[in-house]
Amino acid sequence: MIAKLTGTLAVREASRIVLETAGVGYEVFIPLSTYYRLPDAGEKVALEIRHVVREDASTLYGFATATEKYAFDLLMEVQHVGPKLGLAILSVLAPDELAVAIAKQDVDRIDAVPGVGPKVAERVVRELRDKIGELKLSGVAPVHPNGASRGTGTTSSAPSGPADDAISALVNLGVKPIEARRAVEAAGAAGDSESLETLIRKSLGVLFGEK
């Protein structure tokens, strides 16, 4: 099983990357929390990996920190929470924020994540409330092997505006396309000077009522 990958960031997108190492390009799916900390395409990167093998697929999920990976593993223990939904939760709630929501039994905060629903949110709180201690110890570690700060976020995908990319990122989280577009527009997506990261953060703020 693959537990960690270090290599060159060939493709950098909001929901997935391609990491080249030893002549092989690995497709890795990531939460937005990891995406925000990635360097530019073409730079070196190191990620914690959870390798999920099923009958019909072998998929890699990447995380900037071991704590994010641990949070993902905990979420996978909850009934009806699959990898895609786990990434969506971690895209909206950092591990320490998830821990606080669980400790306070704040079902509504978890239910606000697209695709979760009240029953699954209740399961997350009930099944993980005795397992969240380590989530409160999360820190922000660089994903650049040399410890350099993340870059400006250039991707190697086909050219598109930041608004379209932000809408795509929200749809990948489970937001309905029309709601994603409205959120991005409300966040000021008409200004092309906005970076993709800024647009996604502002759009999530619109969706979840953050100031």
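The values are calculated or read from the model by the stated rules, or taken from the named source; none is laboratory data. From a predicted model like this one, the values you see are computed outputs, not experimental measurements. Note: ideal-geometry Cβ built from the backbone for every residue, glycine included; neighbour counts use all protein chains shown. Quick note on the areas: whole protein, heavy atoms, side chains included, nothing else; ligands and nucleic acids left out. Shrake-Rupley method; radii C 1.70, N 1.55, O 1.52, S 1.80 Å.
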Flagged in the stretch 49-91 as surrounded by 19 or more Cβ atoms within 10 Å (Cβ to Cβ), out of contact with any Phe, Trp or Tyr (no Cβ under 7 Å at 6 or more places or on another chain) and within 25 Å of Glu122 (Cβ to Cβ), in numbering order, are Thr67, Glu68, Tyr70, Ala71, Leu74, Leu75, Val78, Val81, Leu85, Ala88, Ile89, Ser91
One residue from Ser195, Ser160, Ser168, Ser203 being surrounded by fewer than 16 Cβ atoms within 10 Å (Cβ to Cβ), within 18 Å of the chain's Cα centre (by Cα), among the small types (Gly, Ala, Ser) and at pLDDT 50 or above: Ser195
Before we move on, is Thr8 surrounded by fewer than 16 Cβ atoms within 10 Å (Cβ to Cβ), at pLDDT 90 or above, under 27 Å from Ile167 (Cα atoms) and in contact with a Gly (Cβ under 8 Å, 6 or more places away or on another chain)? yes
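Out of the residues in the stretch 49-67 meeting the condition of being assigned to a loop (DSSP other than H, G, I, E, B) and in contact (Cβ under 8 Å) with a residue 12 or more places away in the chain, tell me which one is nearest to Ile167 (Cα to Cα). Please lay out each step first, then the result.
As a first pass, look at the stretch 49-67 and keep what is assigned to a loop (DSSP other than H, G, I, E, B): 55-56, 64-65.
Narrowing further to those that are in contact (Cβ under 8 Å) with a residue 12 or more places away in the chain: 64-65.
Details: Ala64: 23, Thr65: 26 Å.
Out of the qualifying residues, it is Ala64.
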Just to be sure I understand the filter: pairs with C-beta atoms under 7 Å, separated by 6 or more residues or on different chains, first member in the stretch 104-122 and within 12 Å of Leu85 (Cα to Cα) and part of a helix (DSSP H, G or I), second member acidic (Asp, Glu) and open to solvent by 40 Å² or more (accessible area, probe 1.4 Å). Which pairs pass? Ala121/Asp111
Within the stretch 14-48, track down each residue that is open to solvent by 50 Å² or more (accessible area, probe 1.4 Å), out of contact with any Lys or Arg (no Cβ under 8 Å at 6 or more places or on another chain) and outside any strand (DSSP E or B). Ala22, Gly23, Gly42, Glu43
